Amino acid sequence: MSGVLFVPARTPAPAVVVLHTKGLAVEPADVKFAAALAKEGFVAVAVNYLEGAEGRLWAPAIDERLSQVVDLLRERPEVGGRPVGVVGFSLGAHGILVSALIPAVKVVVVYYGAYDPRKAKGKHFGPDVKLPIDVVAEVNAPVMMLHGTLDNEVPVQIARGMEAALKSAGKKVELVVYPGAYHRFDRGPTARMRGNRTRDGFIYQYDETAAKDAWKRTIAWFHTYLDGA
């Protein structure tokens, strides 16, 4: 996998892996996010985690390779064995799967996560595929979820269901819901879109109030669970 790495002024430091949305590669918003994390004192890498996935967005091999990314990060002198967090956007809910695989992941944040595509979009997957909703009992990290009430790609009910499942499994979870916010509320439409609506009718719209609040909460969550881990 390739990626873009940012290092803070003081090292060694905890690390954060940034997982992009369902597009096939890191986009400028992910690079900007990783750079901002470095300014907050974290080693940050925005990784192209779908490279080689051949269109299988939930292939188990993706999470195994992301687990290797976590191990490699911890071996770097800039991290020096310190804990790792994951922040993901939509499809970046893979971060929850990674936290179920590797205890070194101490915290997860997910923006408008695709926690249960079976329920949200009626998709069918092979028996080898595990989705975030399938691994709640194995999650090893506190999870923060950030979601808009008007998200019509991943309805907020899916996030509420994930929250309930994590709580039922005894996990630390916090769901923050933004009234009137849509999918991609922190970044808006993709570069290829001419308006704010996709061909499938999904609305991607920037919401400044939600974006700023989500960023503050994200940083506070990482400092809480990474700085002292």
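The numbers here are math on the coordinates, done by the rules we state, and not lab data. As the structure is a computational prediction, the values presented were derived from the model and not from experiment. Please note: Cβ atoms are built from the backbone with ideal geometry, for glycine as well, and neighbour counts cover all protein chains shown.
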Reachable aspartates and glutamates from LYS171, Cα under 12 Å, same-chain residues fewer than 8 places away excluded? GLU138, GLU163
Once phi is turned into θ = phi - 60°, what whole-Hz ³J(HN,Hα) does the Karplus curve with 6.51, -1.76 and 1.60 give for every residue of segment 102-107, x standing for Gly and Pro? 9, x, 5, 7, 9, 7
Segment 1-101: trypsin sites (Lys or Arg not before Pro) in DSSP loop, at most 10 other beta carbons within 10 Å: ARG10
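If Lys and Arg each add +1 and Asp and Glu each add -1, what is the summed charge of the other residues whose beta carbon sits under 13 Å from the beta carbon of VAL135? Numbers along the way, then the final one.
Working: positive: LYS130, LYS171; negative: ASP63, ASP116, ASP134, GLU138.
Neighbour charge sum, excluding VAL135 itself: -2.
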P(r) for segment 92-156: what percent of alpha-carbon pairs falls in each 10 Å bin, starting at zero? 22, 50, 26, 2
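With both bridge residues required to lie in the chain, what share of the DSSP beta bridges run antiparallel, to the nearest 5%?
Working: 5 of 32 bridges.
Of all bridge pairs located within the chain, approximately 15 percent are antiparallel.
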Per DSSP H run of n ≥ 4, the term is -39500 (n - 2.57); total these for the chain, divide by its residue number, and report the mean residue ellipticity at 222 nm rounded to 500 deg cm²/dmol. -10000 deg cm²/dmol
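Counting Lys +1, Arg +1, Asp -1, Glu -1, what net charge surrounds ALA164 among other residues with beta carbon under 15 Å of its beta carbon? Could you put the intermediate results ahead of the total?
Numbers: positive: LYS119, ARG160, LYS167, LYS171, LYS172; negative: ASP116, ASP134, GLU163, GLU174.
Computed value for this residue: +1.
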Note down the nm distance, to one decimal, between modelled labels 7 Å out along Cα→Cβ at GLU75 and at ARG118. 3.5 nm
For segment 137-229, listing trypsin sites (Lys or Arg not before Pro) in a DSSP loop whose Cβ sees at most 10 other Cβ atoms within 10 Å gives ARG192, ARG194, ARG199
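Which net charge results for the neighbourhood of PRO77, defined as the other residues with beta-carbon distances under 15 angstrom from its beta-carbon, given Lys and Arg at +1 and Asp and Glu at -1?
Details: positive: ARG10, ARG74, ARG76, ARG82; negative: ASP71, GLU75, GLU78.
That works out to +1.
Please compute the Kirkwood hydrodynamic radius of segment 3-226 from all pairs of different C-alpha atoms, in Å with one decimal.
Values: mean 1/r = 0.0579 Å⁻¹.
17.3 Å is the Kirkwood radius here.
Could you give the length gained by full extension between GLU64 and THR209, i.e. 0.36 nm per residue of separation minus their alpha carbon distance, to one decimal place? Write out the running numbers ahead of the final one.
On the way: separation 145, 0.36 × 145 = 52.20 nm, distance 3.57 nm.
Extra length from GLU64 to THR209 when fully extended: 48.6 nm.
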